[in-house]
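Throughout, read-outs are computed from the coordinates displayed, never taken from laboratory work. Everything numeric here is computed off the predicted structure, so don't read it as measured data. Note: ideal-geometry Cβ built from the backbone for every residue, glycine included; neighbour counts use all protein chains shown.
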Amino acid sequence: MSAETLEKAIEKKPAEALFSKRRRKLVADPLIDDNPITIQVLGICSALAVTTQMKPTLVMAISVIFVIAMSNFVISVMRNTIPARVRIIVQLAVVATLVTLVSEVLKAFAYDMYKELSVFIGLIITNCIVMGRLEAFAMGNKPYDSLLDGLGSALGYSWIILTVAFFRELFGSGSVFGIPVYNYVSSIFGPDFSLATNGLMVSPIGAFIILGLIVWVQRTKTGYVEH
Amino acid sequence: MQQSNTYIIVFSAVLTIVLGLLLSGTSQVLGPMQQEAIALDKKKQILGAVISAEEIDAMTPVQVNEFYSKRIASTVVDINGKEISSGDVTAEKVEVAKFYKKPAADRQYPVYVFHAEGNPEAVESYIFPLYGAGLWDAIWGYLALETDMNTIGGITLAHAGETPGLGARITEGGVQERYVGKKVFDESGQLVAVQMMKGEGKDYSGDVHKVDGMSGATITANGVNNMLKAYLSHYEAFIKGKSSNQAVAGL
């Protein structure tokens, strides 16, 4: 998060609009300018692991949005009572509880997804974005702002992994959201016009390549340079 | 601010209790639904050995349950092929993974019978559970044998943690289709099972005991081979029993 948002967060006035400019910025900043994956380079592991197909990626994205937003909110509500010396453990306990809740709900209502995502749901606990936002924002800001900040970071994470998944599924499996696009193309243009899938895209290397390209395009546009 | 030790301990204790209650409560509420989901998943895997994945995906959970109860009968046998199913011992309750840890002779072996609708006598194929070790973790599956008790009608394979894109490909329809039509016994009646070979892209259509491998996943393939061979040998007595019955019936 940029220093700018921190300062603004401190000088906030009592009766602020529900979606004031500052608050909109909390959500909008992590989408592009301060994206957790492409700028802060956090949460890469799951971005590589779950993005072979769009459907599980979407479930993963929703899970991460829930966990980050809720943990930010809960920790922010508790922030004045949390003993400083054990704050990391407290944060972890809250995050772990939320992740377990997500995992239990998936197991009951979307067992196929639960099986497919298996350990990666549990690994949301170690997703650097979660702890990063708790330490950097939720411990020092009000609940509603923290909720928005969490939403912003999670959405920034989500659109990147969904984009990666789109290209990986399209080129790797010839489909989008499980719809066999390549087959349709072949059926329109006749059997001679068949598209080959690329096995590289199914392996994590494919995610690295796509992610690298996204970072490249984005930094060319925004002119961002790492210091 | 600096809090006292007592405060920290009380805070931690309260937090633990609150979170603990929340989690155990959730688990209590969702438990039955999870059991249902697991049972449904097992049925889908069993059916996967005899009908295509697309057909199963197109079914709603209710339809899967209905189809399963109409078309699948089950029994439990021991290593000698003797039926041991009773009120307590039913195929659906036998956990293959648990028995895997016991010596082969002490295990219970479920058999699922795929039959024509409404007529359990008109058997279409026998489905046998499989369980073994892949590269990283457990692998399992269901193998369907046609009524000649030799030709593979279909197979479903699943895994707990094989490498995505490599060993994890055993769950793909394209890999599983390679087994269809292969034979598990040779001409003299010896069990040879089916071997998944090293390397990929070769044509094994002329060899009834070999299938094309998965590039980069030889150890997973070996795991599948060992699993197939082991479980077919455990079920051999049952399989032989059935095939001799049919030979007699044919006379």
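Each of B:W140, A:W216 was scored by other Cβ atoms within 10 Å of its Cβ. Listed from fewest to most, they are A:W216, B:W140. Per-residue mean of foreign Cβ neighbours for A:94-107 is 3 (Cβ atoms of other chains, 10 Å radius). The length gained by stretching the chain between B:A39 and B:W136 to full extension, at 0.36 nm per residue less their Cα-Cα distance, is 32.4 nm. For the range A:103-161, trypsin sites (Lys or Arg not before Pro) meeting the loop criterion (DSSP other than H, G, I, E, B) and having at most 12 other Cβ atoms within 10 Å: none. Take each residue in B:27-34, count the other chain C-beta atoms within 10 Å of its C-beta, and the mean is 4. Shown is the FRET efficiency for A:F193 and B:N226, computed with R0 = 56 Å from the Cβ-Cβ distance and rounded to the nearest 0.05: 0.85. Full extension of the chain segment joining B:N80 with B:A105 gains 8.2 nm, where the gain is 0.36 nm per residue of separation less the Cα-Cα distance.
Dividing the summed -39500 (n - 2.57) terms of all DSSP H runs of n ≥ 4 by the residue count of chain A sets its mean residue ellipticity at 222 nm at -21500 deg cm²/dmol.
Legend: mean number of C-beta atoms from other chains within 10 angstrom of residue C-beta atoms, peptide A:71-84, equals 2. Among the lysines of the range B:102-251, pairs at least eight places apart or on separate chains and with Cα atoms under 25 Å apart come to 23. Helix-only mean residue ellipticity at 222 nm, chain B, DSSP H runs n ≥ 4 weighted -39,500 (n - 2.57), per residue, nearest 500. What is it? Result for chain B, helices only: -13000 deg cm²/dmol. Here's the list of lysines a cross-link from A:K107 could span, going by alpha-carbon distance under 24 Å and ignoring same-chain residues fewer than 8 apart: A:K55, A:K115, B:K42, B:K43, B:K44, B:K93, B:K98. Across the protein assembly as shown, Cα-Cα pairs more than 29 Å apart make up 59 percent of the total. Rounded to the nearest 20 debye, the dipole size of chain A about its Cα centre is 580 debye, using +1 on the Cβ of Lys and Arg and -1 on the Cβ of Asp and Glu.
For the range B:75-226, a simple Cβ point-charge model (Lys and Arg +1, Asp and Glu -1, everything else neutral) yields a dipole of about 540 debye relative to the Cα centre.
Relative to the longest principal Cα axis of chain A, at what angle does helix A:87-109 sit, 0 to 90 degrees, rounded to 10? Roughly 40 degrees between the two axes.
Candidate membrane-span-like segments in chain B, meaning DSSP H helices with Cα atoms spread over at least 18 Å of their own axis and a Kyte-Doolittle mean of 0.5 or above, are B:5-48, with no membrane implied.
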